[in-house]
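Trainee: Mind having a look at this structure? Questions to follow.
Derivation of every value follows stated rules applied to the coordinates shown; laboratory data play no part. The structure displayed is predicted, hence computed values, not measured ones. Virtual Cβ from ideal backbone geometry, glycine too; neighbours counted across all protein chains shown.
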Amino acid sequence: MIENFASRLARVLTEYSVPIQRGDLVVINASIEALPLIEALYEAVLERGGLPVTMPTIPTLRDIFVRKATDEQLDFLNPLAMTMMEKADVLFSIIAPSNTMSGAQVPPERSARLQKAQRPVIETYFKRTFEGTLRWNICAWPTQAAAQQAEMGLLAYSEFIYQACALDQPDPVAHWRAVAERQDRLIAWLAGKQRVEVRGPSVDLSFRLDDSRSWVNCRGDKNFPDGEIFTCPLEDSVNGTIEFSYPTIYGGREVRGVCLRFENGRVVEASAEHGEDFLLSRLDMDEGARTLGEFAIGTNKGIQRFTGETLFDEKIGGTIHMALGQSIEDAGGVNKSQIHWDIVHSMRDGGEIWVDGELFYRNGDFVVEA
Amino acid sequence: MHENFARDLARILTDYSSPVKPGERVTIVGNLETAAPLVEALVEAVLARGGFPNVQGAAMLSPDYTPYFELFLRNANDQQLDHLDSTMMHWVNESDALFFIKAPANTKALSSVDPARLARYRRTIQPFGETYLNRYAEGKLRWTVCAWPTQALAQTAEMSLLDYRDFVYAACGLDQPDPVAYWLGFREMQDRLVEWLKGKSHVEVRGPGIDLSFEFADRPWINCAGQVNFPDGEIYTSPVEDSVNGTVQFNYPSVYQGYEVEGVCLRFENGRAVEATAEKNEAFLLSQLDLDEGGRTLGEFAIGTNKGVTRYTRSILFDEKIGGTIHMALGRSYAESHGKNESAIHWDMVHGMQDGGEIWVDGELFYRSGEFMVK
C-alpha cells in the first residue's frame, strides 16, 4: 500500500508542474474515479491561495447520453463547460478511465457529432493555451480499468504510476527540477545542429532540422509524469524505414507490428501485423497524415513497461516515438492533419542516434552527457 | 435501465436454479464492492424463502470474489500462502447451497502476480474445491455460478457498462415475460434433445472450418439448463477418449488463464491432438497441451443453445453458451458424462456453426446452421 500517493502527487502538480498563485482560478477536470486526487488537488490549490473549481463527471452518464440523446441533444454545448474554459487560469485534467472500451460500440457518426458540438470548447482551449493565458497539465490517477488495459492488478499499476511520477524519490520536486535541467543541457547541445540519423535493429531513418525548428523540453509542466524531448522534422526531409517494436493504441484500436517507409517526408509504404486496415484508413484520412509531425526521445527511466496509455508509453526511458500527422507549433512544425498518432520504438538493444555525424545516443543513454 | 435487474436475477436463482427451501443454509459468495446489488437481492430472496443467508463478501478464492486477492498474493509469506482458512472450510461443509457471483473489478488482476505464488496458494485451497465437488456429487450441496455486470467485464467485452448490462440481462432470459417459465421450457427442450441422443453413438461434425467425428457410445449427454451455471444453455458429452478424428479451425478466439489465443487449429488422430497451431499465442497453446498426458485429449464436446447470448465477450461463462456454436474442451473430462480423461487443464474453445455447420448422429442430421433438426 502506498501512503500519501494523492497528496504527494498534488504537491508536485501545484508546486512544480503548474505553480499555483494566489487568486488563480483552477479547474480540475476529472471523473469521480479520481476522487482521492481531486480531493488532494483541491486542498493543495486552496493552500496556495488558489480558487479550485470542479465538476467531476460520472462515467456512466456519458454512456447514457451517447445512447439516448437525440441529434438535437448531441449538438448541445454545456455553457458551464464553456465558461470554465474561458475563465480558468489553470486546467488540470486527470486521466482515470472506468472502462477503456466504453466507446467501442458507439456509432462513429454519433461520436463525431458529439465531438463537433464540443469544438468551441476545444478551440477556446487551444487559443488560450497558445496565448499563454491558460496553463494546463494532464496527469493520471490509477484505476482498475487502466490497470486491466495494462494487464496489471491495481496495486501493481498504482506502484507503476507512483514510480513513473518519481514520487518514490525523497524530494520529487527536486527530482523533476533536475530532469528539467538535464533536458535543457541536451537541448543546448542539439541547438543549431541539423542532420539526425537513427539506426539500430529495425530502424534506419534520417531527417533534417533548420533554424525554424527547435527541440522542446517536456519536463512535467504539461504532462505528468513526463520525460521527453521532441522536435518537428522538416516535413520533406524524412527518409528510411522503421519497424516499431511496441503496439500502439489509437482511438481505442490496437495496431501491432507497424512498419513504415518514408521517402522525402512521406510514408510511401505502411503495413502492420494486426490492424493494418485501420492503420491505412488513418494514413489516408487527409493530406498531412502520411507526414511525420513529431520525433521524440523518451527519457523517463521510472517507466520501463508498456501499458497501452500513451501518457506513459511515449515517455519510456530508452525509447523514441514518432507521431504521424499534426505537428506541434512549439517546435516549429507546419504539418496539418486531423491525426496525431504517436508510435513508440525501443532503442535499448543497440539503437543509436547520430546528430551531424556525432554519436548522440546509444542503447537508451545519451552518450554526450558523459 | 433494468431497475429490477438484481431482484429478478435473485428470484430466478433462488426459485429455479437452486430452489431454496425453509431452513436451508445458503452461502452467497460475492465481492461486496462490485456485486453489492445482487448480494443484497439474494439475501432478501433467501430470507423470503425461509433460508439462512450467509454472505462471504471477500472469499479468498479468486479476484472474481474479493478485492483483496492481489493484495494477499503480493504480500503473503510462504506460511500465509500455505494457510487454509478454516472458516472457508466450515461454510463449504455446512452449506446446503452456494451462490458464486462473478463480478471482477479487473479481469487482468493476476497478470502482475508471480505465477509460482498463485500456484502455491491454489494448491492450498484445493481441499475447498474438492469438498464442494464431493458434497455436490453426494447430493448434499447445490452450487451455482452466476455473474453480475461490472466495468471490468464490460471492458473485456469491448462494451460500455450499459450495453453489457443489456447483454447479461438478455443472456439470463430476464427480458422474457416470465423468466422462470422460460427456463423451465428451456430445460424441457434440452431434455428432449438429450433423450433423442440416448442409445446413439456416432457423431460427425461438418461445416466451415470443421470436419470431425467421434463416438460417445453409452455415455450420456448432460442437460445444462441453469442449475450450476447461470445463465446457461448447453448440452455436452465426453467423447470416448481414443475415438476423435479430424480437424477443426476454431473461428472464435479463446481466453485461457488470461491469455488470448486466436486462430487455433487442431488435428485429431485416434483421440489425440497430433497437430496444434494458432495465429496468436501458439507457444502458450502448446505449453498447455503438453502440460500433462491428458492435455491433448478431448474431455468435452458441447453444443451451445442460448440464443440470448448473442456475442462473444471473452468470458467463458457466456461464450460457451452462445446459441449456434459448439465448444470442445481439451483436457479433464467430467464424471457426470462418464469421461475418463485426466488433466490439469480444461480449456474450452468455441466454434460458430451458424453458417452451414452440421452435426450428424448415427447418420441422421441432428443439427444445421445453429438449429436442431430433430423434434
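Trainee: Of B:Gly271, B:His83, B:Leu291, which is farthest along the charge dipole of the protein assembly as shown in the positive direction, counting Lys and Arg as +1 and Asp and Glu as -1 at C-beta?
Mentor: Toward the positive end, the furthest listed residue is B:His83.
Trainee: For a quick check: sort A:Cys259, A:Cys218 by the number of other beta carbons within 10 angstrom, fewest at the front.
Mentor: A:Cys259, A:Cys218
Trainee: For a test of the definition: using alpha carbon positions, the gyration tensor, and the 1.5 limit on a/c, classify the protein assembly as shown as rounded, prolate or oblate.
Mentor: It is prolate, given that a/c is not under 1.5 and a/b is the larger ratio.
Trainee: Okay, moving on. Antiparallel as a % of all DSSP beta bridges within chain B, to the nearest 5?
Mentor: Bridges in chain B that DSSP calls antiparallel: roughly 75 percent.
Trainee: While we're looking at this one, here's another question. Explain nothing, just the number: dipole magnitude of the protein assembly as shown about its Cα centre with +1 on each Lys and Arg Cβ and -1 on each Asp and Glu Cβ, in debye rounded to the nearest 20.
Mentor: 1080 debye
Trainee: Evaluate the charge dipole of segment A:173-369 about its Cα centre and quote only its size in Debye, nearest 20, assuming +1 on the Cβ of each Lys and Arg and -1 on the Cβ of each Asp and Glu.
Mentor: 460 debye
Trainee: As I understand it, the dipole of segment B:5-175 uses +1 on the Cβ of Lys and Arg and -1 on the Cβ of Asp and Glu, about the Cα centre. Which of B:Ala103, B:Ala157, B:Gly23 lies farthest toward its positive end?
Mentor: Checking the options against the dipole of segment B:5-175, the answer is B:Gly23.
Trainee: For segment A:340-350, just list the computed ³J(HN,Hα) in residue order, Karplus coefficients 6.51, -1.76 and 1.60, θ = phi - 60°, integers in Hz, with x standing in for Gly and Pro.
Mentor: With the stated coefficients, segment A:340-350 comes to 9, 10, 7, 10, 9, 9, 7, 10, 6, 9, x Hz.
Trainee: Continuing with this model, one more query. Taking only the alpha carbons of segment B:180-372, what extent do you get along each of the three principal axes, in Å, biggest first?
Mentor: 46, 33, 31
Trainee: Same structure, new question: Please list 3J(HN,Hα) in residue order for segment B:267-282, calculated via the Karplus relation 6.51 cos²θ - 1.76 cosθ + 1.60 where θ = phi - 60°; whole Hz, with x for glycine and proline.
Mentor: Computed from phi, the couplings for segment B:267-282 are 10, 9, 9, 6, x, 10, 6, 8, 10, 9, 9, 8, 6, 10, 6, 4 Hz.
Trainee: Continuing with this model, one more query. So if I restrict to the alpha-carbon atoms in chain B, what is the Rg, and what is Dmax, the biggest pairwise distance, in Å?
Mentor: Reported Rg and Dmax, both Å: 20.4, 59.
Trainee: Would you mind classifying segment B:5-175 by shape? Square roots of the alpha carbon gyration tensor eigenvalues, ordered a ≥ b ≥ c; an a/c under 1.5 is rounded, otherwise it is prolate if a/b is larger than b/c and oblate if not.
Mentor: Oblate, since a/c reaches 1.5 and b/c is not below a/b.
Trainee: Sticking with this structure for a sec: Dividing the Cα convex hull volume of segment A:1-112 by residue count, how many Å³ per residue is that?
Mentor: For segment A:1-112, the hull spanned by Cα atoms encloses 112 Å³ per residue.
Trainee: Which ³J(HN,Hα) values, rounded to whole Hz and listed in residue order, are derived for segment B:35-47 from phi using the Karplus coefficients 6.51, -1.76 and 1.60 in 6.51 cos²θ - 1.76 cosθ + 1.60 with θ = phi - 60°, glycine and proline given as x?
Mentor: Ordered by residue, 3J(HN,Hα) equals 10, 3, x, 6, 4, 4, 5, 5, 4, 5, 5, 5, 4 Hz.
Trainee: Now, a different point. To the nearest 500 deg cm²/dmol, what mean residue ellipticity at 222 nm is calculated for the protein assembly as shown from DSSP H runs of n ≥ 4 alone, each contributing -39,500 (n - 2.57), summed and divided by the residues?
Mentor: Helices in the protein assembly as shown give a 222 nm mean residue ellipticity of -8500 deg cm²/dmol.
Trainee: Hey, another quick one. Need one number: the % of Cα-Cα pairs in chain A sitting beyond the 41 Å mark.
Mentor: Result for the distance tail: 10 percent.
Trainee: Now a separate question. Which of the listed residues, A:Gly308, A:Trp341, A:Ile320, is farthest toward the dipole's positive end in segment A:286-356, when Lys, Arg count +1 and Asp, Glu count -1 at the beta-carbon?
Mentor: A:Gly308
Trainee: A further question follows. What is the Cα radius of gyration of segment A:34-77 over 2.2 N^0.38 Å, N being its residue count?
Mentor: Against the compact-globule rule of thumb, the ratio is 1.68.
Trainee: Please state the shape class of segment A:108-209: rounded when a/c is under 1.5, otherwise prolate if a/b exceeds b/c and oblate if not, all from the C-alpha gyration tensor.
Mentor: Verdict is rounded for segment A:108-209.
Trainee: Please provide three numbers in whole Å: the alpha-carbon extents of segment A:173-369 along the principal axes, with the largest listed first.
Mentor: Computed over the Cα atoms, the extents are 45, 34, 31 Å.
Trainee: Here's another thing I want to ask about it. Mind putting a number on the dipole of segment B:180-372 about its Cα centre? Charges go on the C-beta only, +1 for Lys and Arg and -1 for Asp and Glu, and I need it in Debye to the nearest 20.
Mentor: Dipole about the Cα centre, nearest 20: 420 debye.
Trainee: Give me the percent of DSSP beta bridges within the protein assembly as shown that run antiparallel, rounded to the nearest 5.
Mentor: The antiparallel fraction comes to roughly 75 percent.
Trainee: Quick check on the exposure proxy: order B:Leu365, A:Leu311, A:Leu37, A:Leu51 from fewest to most C-beta atoms within 10 angstrom.
Mentor: B:Leu365, A:Leu51, A:Leu311, A:Leu37
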